[in-house]
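Undergrad: Dropping a structure here in structure tokens format, bear with me for questions.
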Amino acid sequence: MTKTVWAVDPTHTDVIFKVKHMMISTVTGHFSSFSGSVHANEEDFSDMELKAEIDIDSIHTKNADRDAHLKSEDFFNAEQYPKMTFVSKSYDGENLVGDLTIRDVTKEVTLNIEHNGTAVDPYGQTKAGFEITGEINRKEFGLSWNAVTEAGNVVVSDKIKLNIEAQFVKQA
């Protein structure tokens, strides 16, 4: 049986990350260009398969110099590795396990996922909303640049918090 396809709705989806800066404050960034789909037949999405692709060049942290540094070889190396991908392997109703690829490194990660519901919008489109959260260690993906301040604090934490507010549109 062919599963129902749901395509990400980019105007109602946010891909956000947070990282400690100098261990005293948090920098929030987001990616503005991405694509993704869910394949599922069950109304509760218990049989979901999720695939997502994020354009590294679309990173935005409210600081052009920092964004350029994040795109450089010190971090994402966007020129050589323009996309970050996620392909799910299993979903138990709360945890979404899948392979995350950043640069040329693929690691299995577990993300928390909450299905916020499904509804029909005023235009007759069926939409499903999800909140996806998790943490990764950036160094495990080759994002290892760092520096130490005069006070001895590292500039960038290894821990990255992910928060994705996603809406998908049921395809005909």
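The values are calculated or read from the model by the stated rules, or taken from the named source; none is laboratory data. Nothing here was measured: the structure is a model prediction, and the numbers come from that model. Positions of Cβ are backbone-derived with ideal geometry, glycine not excepted, and every protein chain shown enters the neighbour counts. Accessible surface is based on the protein model in full, side chains and every heavy atom, while ligands, DNA and RNA are left aside. Shrake-Rupley method; radii C 1.70, N 1.55, O 1.52, S 1.80 Å.
Undergrad: So Glu94 passes all but one of these: (1) open to solvent by 80 Å² or more (accessible area, probe 1.4 Å); (2) in contact (Cβ under 8 Å) with a residue 40 or more places away in the chain; (3) within 17 Å of the chain's Cα centre (by Cα). Which condition number does it fail?
TA: Answer for Glu94: the failing condition is (2).
Undergrad: Scanning for something open to solvent by less than 50 Å² (accessible area, probe 1.4 Å), within 16 Å of the chain's Cα centre (by Cα) and over 17 Å from Ala128 (Cα atoms), does the range 2-13 turn up at least one residue?
TA: Among the residues of the range 2-13, not one is open to solvent by less than 50 Å² (accessible area, probe 1.4 Å), within 16 Å of the chain's Cα centre (by Cα) and over 17 Å from Ala128 (Cα atoms), which makes the answer no.
Undergrad: Would you please list the contacts, defined by Cβ atoms under 6 Å and residues six or more apart or on different chains, that run from a residue in the range 49-76 that is more than 21 Å from Lys20 (Cα to Cα) to a residue that is of a type in the set (S, T, N, Q)?
TA: What qualifies is Glu49/Ser88; Leu50/Ser88; Lys51/Ser37; Glu53/Ser35; Glu53/Thr85; Asp55/Ser33.
Undergrad: Quick one: in the range 24-45, of everything that is among the polar types (S, T, N, Q) and in contact (Cβ under 8 Å) with a residue 12 or more places away in the chain, which residue is least open to solvent (accessible area, probe 1.4 Å)?
TA: Ser37
Undergrad: Search the range 110-165 for residues being among the hydroxyl-bearing types (Ser, Thr, Tyr), surrounded by 13 or more Cβ atoms within 10 Å (Cβ to Cβ) and under 29 Å from Tyr81 (Cβ atoms), and hand back the single one that is modelled with the lowest pLDDT.
TA: Checked the range 110-165; the qualifying residue modelled with the lowest pLDDT is Ser157.
Undergrad: Name every residue in the range 40-73 that is among the aliphatic types (A, V, I, L, M) and touching an Asp or Glu at 6+ places or on another chain (Cβ under 6 Å), in order of residue number.
TA: Ala40, Ile59, listed by residue number.
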